[in-house]
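No value in this document is a laboratory result; all are computed from the given coordinates. Owing to the predicted nature of the structure, the values given are computational and were not obtained by experimental measurement. When we count neighbours, we look across all protein chains shown, and the Cβ atoms used for this are built from the backbone with ideal geometry, even at glycine.
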Amino acid sequence: MRLFFCFAISLFCLNIHSQQSGPNRCVATVKRDLFQSQDGDFIGMKKEQEEVIQDWIKNNGDRVGQRSVVTIPVVVHVLWNSFEEDIPDDQIFSQIEILNLDFRALNVEIGEVPSAFQPLIADTEIDFCLAQIDPSGNSTSGITRKFTNNPVGIGGTSAIHFSDQGGQDAWDTDHYLNIWVAKFAGNIGGTGSFPGMGMPEEDGVEVNYLQFGNLNVEPPYHLGRTLTHEVGHYFNLEHPWGASISDCCGDDFVADTPEACETYIGQCPSHPVVSCSQPDMFMNYMFYSDDACLTMFTGGQKMRMLATLNTIRAGLLEGNICDPVSSENLDKMVEVKIFPNPANDKLFVEIESQSSSGYSIRLFNLFGHEMMEEKFLFGEVELNISDFQAGVYFLEVKNKTKIKIEKVVVN
Ligand SMILES: [Zn+2]
């Protein structure tokens, strides 16, 4: 309880500070510093964790080029006191789409990354779904909604994680990424738990409802990048300037993010800008730049996230909580045209839905072996099937919530 009290005081002080000095993008490291000051074992635990992470990277670095996309089940807990805080489903869907586009490097701004940084762009091969199965084994939308009697802003407080304190209990934090969306006091954007930080019941990320998704939100935090940033922390990413901006040019445990001594909060500068010894990657999701500026993770950050996911957060990979191919979902069809069918050397696939989260198209043979995979946003894609033997194949088109499977004949 002493810890909760200290938190409440500290975040209150932080709020006062932020009101005086403008928006506060993220309080993840502030919360970590508080835990560290309260928990004598925390530093030792972090050291052990870091050894595990670095060992995994050392032993698995060469595997990362192999495509093996994993899907993380997400539950979004909406806590509301006033009507506008009870954000609609569409706003939540828009945020999950953004998270997927950002983590898969499918975001539309990816081409704007300066050429010097282009080779460092990473598709993290991490996907997210709204959970389809709740902790009791029942089907779910992956969204909970609850009135909170806290009108000031329960976001960033310990209470947000506990139903009996006006918040919402987490779903099993070993197996779900819990995202709480609520009002925050002050201008705080959000916070995320570093692995092993605090009580398991509080593990996850929190985002200000005014910065969630790209519907009903205002610039400069209107493109859903607050969540992308906080999920980066959840998978163990540091800010590029290191543990604290006061350190300046500190270590983020990632080799391919240049050292920095500037957060770029409230800014969207022109490349190049230098705060340490080389141009800053202010377009990296782990900076505080405006949403429109944030466009990429690096290969080093990908490795650190995958290392975390496969070790400390391996529980997220267990079970079929996303289960996107369940019969229940088959009626959520994608509107898709496939032609010609039968086909010879080319097959065209046309998808009309414009709110796409990056469709994947896969072709399977009769034995279920995947023959081809393509990804695209919407419109028409041409598949070269000139090498295919004559026969029957199955074409699967899907995004996070929709799927369609069609039989295709190759002559
Ligand atoms: Zn942060």
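Taking every DSSP beta bridge that has both residues in the chain, what percent is antiparallel when rounded to the nearest 5? Numbers along the way, then the final one.
On the way: 35 of 58 bridges.
So the antiparallel bridges in the chain amount to around 60 percent.
Considering only P135, H175, A28, the residue lying farthest towards the positive end of the dipole of the chain is P135, judged by Cα position with unit charges set on Cβ.
A Förster radius of 56 Å, combined with the Cβ-Cβ distance separating Q165 from Q389, puts the computed FRET efficiency at roughly 0.35. Each helix, a run of at least 4 DSSP H residues, gives -39500 (n - 2.57); summed and divided by the residues of the chain, these come to -7000 deg cm²/dmol at 222 nm.
With the Cα gyration tensor of the range 100-191 giving a ≥ b ≥ c as the square roots of its eigenvalues, does the rule (a/c under 1.5 for rounded; else a/b larger than b/c for prolate; else oblate) give rounded, prolate or oblate? Don't skip to the end; give the middle numbers.
Values: a/c = 3.21, a/b = 1.60, b/c = 2.00.
It comes out oblate by the Cα gyration axes.
Relative to the longest principal axis of the Cα atoms of the chain, the long axis of helix 28-38 lies at roughly 50 degrees.
Amide H contacts of W80: K146, F147, T148, each under 5 Å away and 5 or more positions distant or on a separate chain (H built 1.01 Å from N in the peptide plane; Pro and chain starts excluded). Relative to the longest principal Cα axis of the chain, at what angle does helix 299-310 sit, 0 to 90 degrees, rounded to 10? Between helix and principal axis, roughly 90 degrees. For the chain, the longest principal axis of the alpha carbon atoms and the long axis of helix 2-21 meet at an angle near 80°.
Mind checking the full-extension length gain between D247 and D345? Use 0.36 nm per residue of separation minus the Cα-Cα distance, one decimal, nm. Can you show the working numbers first?
Values: separation 98, 0.36 × 98 = 35.28 nm, distance 5.88 nm.
Length gained, D247 through D345: 29.4 nm.
Given the options F212, F297, F128, which has the most mean-square fluctuation in a GNM of the chain, springs set between C-alpha atoms less than 10 angstrom apart? Maximum among the listed residues: F128. At q = 0.33 Å⁻¹ the log10 of I(q)/I(0) for the range 84-130 amounts to -1.17, computed by Debye summation with a single uniform scatterer per C-alpha, solvent ignored.
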